[in-house]
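The values are calculated or read from the model by the stated rules, or taken from the named source; none is laboratory data. Keep in mind that this is a model prediction, so the values were computed, not measured. Cβ atoms come from the backbone with ideal geometry, glycine included; neighbour counts cover every protein chain shown. Just the protein is used for accessible areas: all its heavy atoms, side chains included, with ligands, DNA and RNA removed. Shrake-Rupley method; radii C 1.70, N 1.55, O 1.52, S 1.80 Å.
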Amino acid sequence: AETSGYVQTNKMWCLKSEDATPVQKEGPPGMNGNAYFTFLAAPDNTLWVVGGYQYSASGSQQYYDQVYQYNISTDEWIEKPKLDKKMYYHNGAIYNKGSKYMLYIFGGYDTNSGQYLNEVRVYNHSMRGSDMDLGKWQTLSLNSSYTYNYLSGVVPASDRDEMYIFGSSGATSWKFNVKDKKFSTISGYTGCAWTYTGYWARKDNIIAWTGDNGTTMKYDLDKQTATGL
């Protein structure tokens with residue numbers, strides 16, 4: 001329905017793998033028009049939606065702490081434990097060992113305090129034997145600090161037990177060691193303008209590109225150097 005110029009929808013589009021035909025699906029229940037959420041693809045053929053906000057029909061904002069998992073095979077949304085606060089502008093990645101995995105959420109904007117969060121939240125979905133309890137959100141006790149730049153891109157390198165948090169143009173970028181829970185700055189990457197930024201990791205390289213200013217860069221994980229493409 002459209003009211004006062006705002007269109008609320010709770011749909012998502014999928015492409016069939018066999019012929020790339022677009023198919024419309026229902027989005028997570030009760031999260032119409034959700035924006036600035038984290039959307040993650042997991043190795044067990046599921047998708048995750050974490051937090052975010054929406055504009056109501058009147059133009060006011062509604063914030064979310066909800067978390068949903070979408071089972072692609074059964075076309076079903078499953079509600080999961082909520083975040084400890086309503087937040088948006090966060091980003092995240094899946095850390096996995098085979099089909100077992102955790103969700104890592106970096107930063108975000110706390111709607112109660114009005115502050116950006118220099119924190120890391122973890123949800124252990126299926127990685128038994130970890131020091132993280134299964135089925136719970138936990139905020140990590142970090143062994144080093146970092147400053148989150150909103151709408152940063154997060155790229156996992158699970159085989160290295162690392163994650164890379166690439167800042168927008170001019171912002172600091174970070175490497176996070178999952179085992180040590182430590183951050184260190186990474187050099188050579190100058191950042192892309194955040195609008196329409198995408199990241200693709202393959203072997204020892206990460207490709208970052210943006211539709212905002214046309215910048216495309218390759219970041220070498222071993223050399224920690226970036227080159228333009």
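Annotations
- Candidate set: the stretch 86-103, residues that are without any contact (Cβ under 8 Å) to a residue 60 or more places away in the chain and assigned to a strand (DSSP E or B); chosen: the one most open to solvent (accessible area, probe 1.4 Å): Lys100
- Extreme residue, modelled with the highest pLDDT, among residues of the stretch 178-190 that are over 18 Å from Ile105 (Cβ atoms) and assigned to a strand (DSSP E or B): Ser184
- Given (1) surrounded by fewer than 19 Cβ atoms within 10 Å (Cβ to Cβ); (2) touching a His at 6+ places or on another chain (Cβ under 9 Å); (3) of a type in the set (D, E, K, R), index of the condition Asp75 fails: (2)
- Residue count for the stretch 128-145 satisfying the condition of being open to solvent by less than 50 Å² (accessible area, probe 1.4 Å), in a loop (DSSP other than H, G, I, E, B) and among the polar types (S, T, N, Q): 2.
- Of all the numbered requirements in (1) in a strand (DSSP E or B); (2) modelled with pLDDT under 90, Asn32 misses one, and that requirement is (1).
- Number of residues in the stretch 1-29 that are at pLDDT 80 or above, open to solvent by 70 Å² or more (accessible area, probe 1.4 Å) and closer than 30 Å to Tyr95 by Cβ: the value is 1.
- Only a single item in (1) loosely packed, with under 14 Cβ neighbours inside 10 Å; (2) more than 16 Å from Tyr123 (Cβ to Cβ) is not met by Ala41, and it is number (2).
- Leu83 being free of Cβ contacts under 8 Å to residues at least 60 places away in the same chain and either assigned to a loop (DSSP other than H, G, I, E, B) or closer than 21 Å to Glu162 by Cα (or both): yes
- Qualifying positions in the stretch 124-143 - hydroxyl-bearing (Ser, Thr, Tyr) and either in contact with a His (Cβ under 7 Å, 6 or more places away or on another chain) or closer than 19 Å to His90 by Cα (or both): Thr139, Ser141
- Residues that are part of a loop (DSSP other than H, G, I, E, B) and open to solvent by less than 10 Å² (accessible area, probe 1.4 Å), drawn from the stretch 104-116: Gly107, Gly108
Conditions tested, residue by residue: (1) open to solvent by 40 Å² or more (accessible area, probe 1.4 Å); (2) at pLDDT 75 or above; (3) over 18 Å from Ile105 (Cβ atoms).
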{"position": "Ser126", "(1), (2), (3)": "no, yes, no"}
{"position": "Thr147", "(1), (2), (3)": "yes, yes, no"}
{"position": "Arg160", "(1), (2), (3)": "yes, yes, yes"}
{"position": "Ile165", "(1), (2), (3)": "no, yes, no"}
{"position": "Ser173", "(1), (2), (3)": "no, yes, no"}
{"position": "Phe176", "(1), (2), (3)": "no, yes, no"}
{"position": "Cys192", "(1), (2), (3)": "no, no, yes"}
{"position": "Lys223", "(1), (2), (3)": "yes, yes, yes"}
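- Filter result for the condition that a residue is under 28 Å from Lys25 (Cα atoms), among the aromatic types (Phe, Trp, Tyr) and open to solvent by 60 Å² or more (accessible area, probe 1.4 Å), over Tyr68, Tyr63, Tyr53: Tyr63
- Of all the residues in the stretch 60-80, those that are assigned to a loop (DSSP other than H, G, I, E, B), in contact (Cβ under 8 Å) with a residue 12 or more places away in the chain and either within 22 Å of Ser158 (Cβ to Cβ) or of a type in the set (S, T, N, Q) (or both) number 2.
- Long-range neighbours under 6 Å by Cβ, at least six apart or interchain, first residue of a type in the set (Val, Ile, Thr) within the stretch 10-38, second modelled with pLDDT of 80 or more: Val23/Cys14; Thr38/Val50; Thr38/His90; Thr38/Asn91; Thr38/Gly92
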